[in-house]
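Okay, so here's the structure we're looking at.
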Amino acid sequence: MFPLHLTGIAEVLVTVVIGFWFGFILEQAGFGDCRNLAAQFYLSDMRVLKVMFSAIVTAMLLVFAASAIGWVDFEQIFVPPTYLAASVAGGLALGVGFIIGGYCPGTSLVSSATLKLDGVAFATGVAAGMFLFGLTSPYVEEFWTVTGALGRLTIFDWLGLDAGPIVLGVFLMAVGAFAAAEWAERRFQWAKPPVSAAANSRVVLRAFAAAGFILALVAAVIGQPDAERKIALQKARLDATIQSRKVFIDPAELLDLMYNNQVDRILLDVRNESDYNLFHLKDAIHTTIDEIDRYWRPRLTAEQVVVVMSNDERDAIEAWKHLAISRNLNAYILAGGVNRWCDVYFAGNLNVPGPEFGSQGDEEFRYADAFMKLRQCASAAVPVGLNIPGSPGTNIDVSRPDQKLVTLRQFTPKIHLLKAVKAPGGGCGG
């Protein structure tokens, strides 16, 4: 499924090509002349609204229609995190600058590229403003990064609706805005800018409107894929990853992770509640697949290491699939489940199979009777001792003499720390 993930020279070339054509189209639309942009505020030339709305709506229709039929995975598309307070303050500043100078940052660069002195002056002012903001940003950092921070938020997430009806509503709103803009241009002809806009062919406009309406209906009628449909669409990739066993980690590696305070780790236990209450690993959170879809998946980030576990592997594999369909989540499975963990750290059997060997159990907790007889939390919940690959002998925490001695178990590290993928801003704001 799309989108493609480009790196290195390919990413640079694609960025340059898109940037060139973006600037070229803005120039051809007349956005390199501040008089055309200023005419927007006099309602005499609405080319800014027309061009920008056309571009936004076209991209929206193509993305969500393709997502509805399974060609594009929307969760793999970067959506800038929402900072509400910063957006309101920045929008007001941008609007005031636009009214005074006749440009926004993006259009000032287009104007500068054609050697217009007012565009160069505006772009210079933008650069100076960025420099001054950089000097003062440490004093207002909390306002920009904390106040109103809502993460990756979309309108349909906010309303709790499928994206389809929202897409159809935005398309109809755009058509209405386009019609209102053309009415305003006829009504306020006395303030026409020096460079007139190109005449729009009614046939072409109707054809684009009809095509857009069809795409909006596709997105609304079919709807966006739910988790189960996404898993089905990505079945080949997910099955190949499971069969390679590269996301299964040894109990010893998980123990090492539990002692690593440098890593933001999330342990998700998808067993039934009675088994969880009877015994669970320290800091493991009981959850369900429904909660993974509804709560965890939208909130987890690439910087976090997520480990899912069940009594054996079957339920954990299903839970992992619901995480793996999301964008850049770093999720793993406890090989052999809680049963294998207890084989090592409760029964003391260091010769159990490694993560390259799966568990064929039926998700029954084999140690239920043993833990029912205990009156306190077993030392297996958080065994003492770090598991360092290649280190022989034993390791005991002398500050915890009441805890059981844990013999070191060697493992091959599988966990790789990821960094969240950042994307530059775009559009008129640069």
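Summed over the range 97-120, the residues that are in contact (Cβ under 8 Å) with a residue 24 or more places away in the chain, in a helix (DSSP H, G or I) and open to solvent by 60 Å² or more (accessible area, probe 1.4 Å) give a count of 4.
Applying the set (1) in contact with a Lys or Arg (Cβ under 7 Å, 6 or more places away or on another chain); (2) modelled with pLDDT under 90; (3) assigned to a helix (DSSP H, G or I) to Leu205 leaves exactly one unmet item: (1).
Can you tell which of Leu300, Leu329 is within 20 Å of Asp239 (Cα to Cα), surrounded by fewer than 23 Cβ atoms within 10 Å (Cβ to Cβ) and within 19 Å of the chain's Cα centre (by Cα)?
Leu329
Residues in the range 304-317 that are in contact with a strand residue (DSSP E or B) (Cβ under 8 Å, 6 or more places away or on another chain) and surrounded by fewer than 24 Cβ atoms within 10 Å (Cβ to Cβ) were compared, and the one that is farthest from Gln262 (Cα to Cα) is Ile317.
A single member of Phe78, Phe31 is out of contact with any helix residue (DSSP H, G or I) (no Cβ under 8 Å at 6 or more places or on another chain), closer than 30 Å to Ala209 by Cα and aromatic (Phe, Trp, Tyr), and it is Phe78.
Looking across the range 362-384 at every residue that is within 23 Å of Thr412 (Cβ to Cβ) and either of a type in the set (Val, Ile, Thr) or open to solvent by 10 Å² or more (accessible area, probe 1.4 Å) (or both), the one that is modelled with the lowest pLDDT is identified as Val384. Per this entry, Thr136 is not counted among residues that are closer than 30 Å to Glu228 by Cβ and either without any contact (Cβ under 8 Å) to a residue 24 or more places away in the chain or among the hydroxyl-bearing types (Ser, Thr, Tyr) (or both).
Go through the residues of the range 407-418 one by one and say whether even a single one is under 18 Å from Phe248 (Cβ atoms), open to solvent by 40 Å² or more (accessible area, probe 1.4 Å), at pLDDT below 80 and in contact with a strand residue (DSSP E or B) (Cβ under 7 Å, 6 or more places away or on another chain). Yes, the conditions are met somewhere in the range 407-418.
Among the residues of the range 228-243, which ones are aliphatic (A, V, I, L, M) and either open to solvent by 40 Å² or more (accessible area, probe 1.4 Å) or assigned to a loop (DSSP other than H, G, I, E, B) (or both)? Ala232, Leu233, Ala236, Ala240, listed by residue number. Under the condition of being modelled with pLDDT of 90 or more and loosely packed, with under 13 Cβ neighbours inside 10 Å, the residues counted in the range 208-227 number 4.
The values are calculated or read from the model by the stated rules, or taken from the named source; none is laboratory data. Keep in mind that what you see is a predicted model, and the values were worked out from it rather than measured. All Cβ positions, even for glycine, are placed from backbone atoms using ideal geometry, and neighbour counts span all protein chains on display. For the accessible areas, the whole protein counts, side chains as well, though only heavy atoms, and no ligand, DNA or RNA atoms are used. Shrake-Rupley method; radii C 1.70, N 1.55, O 1.52, S 1.80 Å.
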